[in-house]
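Reading through the structure tokens given below for one structure.
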Amino acid sequence: MNPNNPEAEKQFKEVAEAFEVLSDDQKRSLYDRYGHEGLSGTSFRDFSGMGLDDLFGGFGIFDSIFNAFGGGTRARTSGPRARRGQDVRLNIDLSFEDAMKGMKKTIKVPNWAQCPTCHGNRVKEGKSLLKCSTCDGVGEVRQVQRTAFGQMINITTCPKCRGEGEMLKKGTECKTCKGVGKVKQSRTVEAQIPAGVDNGTRVVIQGEGRPGELGGPSGDLYLVINVFPHPFFQRNGADILLEYPISFLDAVLGTKLLIPTINGNEKITIKPGTPSGEVITLRKKGAPYPNRSGHGDMHIVINVKFPRKLEKIVKQTLIELQESDKTDYVFRDNSELAKFLLSQE
Ligand SMILES: [Zn+2]
Ligand SMILES: [Zn+2]
């Protein structure tokens, strides 16, 4: 439409590229992961280096675009169109343990079912729906436009019957469903929640959403997971963190500890002279990955505790120890500080 406007040409190419990507599942997933660069080496057509003549001439890309959006030269002779059912989203609360182990869960899905009285026909017995006068029962309205490129046919869903091609006449509604054709129900779905799900994980159960209309497929059921926090374990993806307090004596002398993990207790060794904040990692003892095999790691953060009040015997022993400890920590461990000290004298 704007032959002398380079900005319009650029937008045109972007539309062509977007269509090329969206109409091919493999290319779309490459594009989602790596952007434009991910498509080099595939049969992706790079439109940025082409002139407008190429776009219209050789490839027929715009025929494809118009056909994909339900327009163009493709004749529609079928009646009202089938509609895919809506997706249903439900929030699922899980305990930390259940999220770690995974589970089968029975879920009540609020649902609409076909009306048992009119079997979805929406009318009382003996009555029928009227053919929509706006679209003559086709469900679509066509408008012919003349443009620089010739005749364009613009097809939209009929606004009066919303594409169904039929209308309900007042007073003929089915009493049970009030003319909707569906009644509210809930049904149960057995869902398998994989081990390792986290807050915000979405579990998709295909075909368990709302039923489709006029022969269309059902939507999907989305379970959005919420995991209650654990009193001790913290999660960072598939890694599990545990803060573990030990006595200053154990930190000095070293010890063996029994540590809880998500799969039972584990023995670990604390080396002599372990400082507070030291992290001990147990490989592959964390949460399972929900979408592949393997586990994250378990990290134990050591928190060395110094009591404000010592037992009498401990205090006495420590005083004796302090007096007999001949280690000079400043001169042994920090010679720079030692030099500074001496320079002050
Ligand atoms: Zn009914
Ligand atoms: Zn209509």
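May I ask you to say which residue of Gln185, Gln145 is closer than 25 Å to Ile107 by Cβ, among the polar types (S, T, N, Q) and not assigned by TED's automatic domain parsing to the domain that holds Arg292?
After applying the criteria, what remains is Gln185.
I need the full set of residues from the range 186-208 which are farther than 29 Å from Ala238 by Cβ and either open to solvent by less than 40 Å² (accessible area, probe 1.4 Å) or free of Cβ contacts under 8 Å to residues at least 60 places away in the same chain (or both), in order please.
Correct list: Gly207 only.
Hey, can you tell me all the residues within the range 250-264 that are surrounded by fewer than 10 Cβ atoms within 10 Å (Cβ to Cβ) and within 30 Å of Gly102 (Cα to Cα)?
Leu258, Gly264
Just checking: which of the strands (runs of 3 or more DSSP E) contained wholly in the range 97-162 hold 1 or more residues that are more than 16 Å from ligand 1 (Cβ to nearest atom), aromatic (Phe, Trp, Tyr) and modelled with pLDDT under 90?
Per the criteria, no element qualifies.
Could you tell me whether the range 253-276 includes any residue that is outside any strand (DSSP E or B) and of a type in the set (A, V, I, L, M)?
Yes, the range 253-276 contains a residue that is outside any strand (DSSP E or B) and of a type in the set (A, V, I, L, M).
The values are calculated or read from the model by the stated rules, or taken from the named source; none is laboratory data. Model, not experiment: these values are computed from the prediction. Here Cβ is always computed from backbone atoms with ideal geometry, including for glycine, and neighbour counts include all displayed protein chains. These accessible areas exclude ligands, DNA and RNA; they are computed on the full protein's heavy atoms, side chains included. Shrake-Rupley method; radii C 1.70, N 1.55, O 1.52, S 1.80 Å.
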